[in-house]
Each structure stands twice: as structure tokens, then as C-alpha cells.
Amino acid sequence: MQASASMNSSNSRNNSTLVSKEPRIGFPGNSALGARGEALAAAYLESQGYRIVVTNFKVPVGRNRAGAAVTGEIDIIALEGRTLCFVEVKTRRSEDFVPVIAAVDKQKMRQITRTARVYRRLFAVTDMAIRYDVVTILAPRHAEPAITLTKAFWNEASLKKRAWTSDKWMN
């Protein structure tokens, strides 16, 4: 009887170490890598003639399906000539499994687009061309980072959901 009690207590101890009550966000050092990547991206964009307007713009953008408040973030907002650019920055140590740019998926594009609309509404930006760019940084531990700028990676029209029409099923 005593043996089973000690087994149960050791199992509960093991379970408590396996299941953490704190949410795990990323890996250790990811925030430092991301911050370094954003600083490199801002410096790179300035060297390419962009003028940085704001970095890490955060604003409430609405509520999700569960009713929880959603905050949107744009890494860099900059001007290139007369075009307002909303720039997403992605930094990775390697591309062993997937290219860095693959981290900018449709959900991320929608979130940035929604945040950009709020930005434009807040600051009454109506008659200005806009663009959504991506800066990817491949930063291996013992090598110089490789920075790639992809202009116009997406546009708002590409994210519109298609309306369902029944005429395809009528024939």
C-alpha cells in the first residue's frame, strides 16, 4: 500500500513537471533574436531610402470569434517616396526546414492588413499609396545575417474572401 502511494506521488510530481501551467511562447532567446532582426531590418530599410515612421505599432483591432480582444502589431511602418509601407520582419537562425518567408502566412497577412486599416483610419491616411513588404533575415549563429526585402508581398485584394454563388451548381 505504501509503495503504491509513493508511486502515485512520484507520478503526480512527474506530471507537474511535464505540464507547465505557464504558457510557453517561443524558445529562449527568440525575443532577443526578433528584436535584433527588427533593428537590422530598420537599418537596412533606411540604407535603401526608406524613412521609418514607427516601429512595433500595436493597437486593438477588434475581437475574435470567442469574444476576446485582439491586438494587432506591425513591425515597421515606413515611407518609400510617397508610398506608405507596412513591413513585416521575420528572423530565423536557419532555413533547414522551411524558408523564412513561409512564416508570413495568410493569417499573419490578414492581421497586418487589419492593423494597417486601423492605422490609416487613426491618422486619416486616405490619399496615399500603400504597400505590404516583408524583410526576412537569416541569421546563423556564427555568420553574417542575410537580409532580403520583398516588396509588395501581398495586397488587400488578394486576401478578400470569395463570395459563394449558387449558379455554379444550377446546371
### Task
Starting from residues that are of a type outside the set (Gly, Ala, Ser) and in contact with an Asp or Glu (Cβ under 9 Å, 6 or more places away or on another chain), keep the ones in region 142-163 and report whichever is surrounded by the most Cβ atoms within 10 Å (Cβ to Cβ).
Phe153
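Condition check ((1) of a type in the set (Phe, Trp, Tyr); (2) more than 15 Å from the chain's Cα centre (by Cα); (3) within 16 Å of Arg120 (Cα to Cα)) across all residues:
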| position | (1), (2), (3) |
| --- | --- |
| Leu45 | no, yes, no |
| Gly49 | no, yes, no |
| Phe57 | yes, no, yes |
| Gly62 | no, yes, yes |
| Arg65 | no, yes, no |
| Val70 | no, no, no |
| Asp75 | no, no, yes |
| Ala78 | no, yes, yes |
| Leu84 | no, yes, yes |
### Message
Taking the criterion of being of a type in the set (Asp, Glu), under 11 Å from Val134 (Cα atoms), surrounded by 12 or more Cβ atoms within 10 Å (Cβ to Cβ) and at pLDDT 90 or above, would at least one residue in region 85-95 satisfy it?
### Response
yes
### Query
With (1) exposed (fewer than 14 other Cβ atoms within 10 Å of the Cβ); (2) in contact with a strand residue (DSSP E or B) (Cβ under 6 Å, 6 or more places away or on another chain) as the list, and Leu138 as the residue in question, which single condition is left unmet?
(1)
### Task
Taking only region 45-84 into account, find how many residues are surrounded by 12 or more Cβ atoms within 10 Å (Cβ to Cβ), among the polar types (S, T, N, Q) and modelled with pLDDT under 90.
0
### Message
With the structure loaded, tell me whether Gly37 is in a strand (DSSP E or B) and in contact with a strand residue (DSSP E or B) (Cβ under 8 Å, 6 or more places away or on another chain) or whether it fails that test.
### Response
no
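The values are calculated or read from the model by the stated rules, or taken from the named source; none is laboratory data. The shown structure was predicted, so the numbers you read here are calculated from the model rather than taken from an experiment. Glycine gets a Cβ as well: all are built from the backbone with ideal geometry, and neighbour counts include every protein chain shown.
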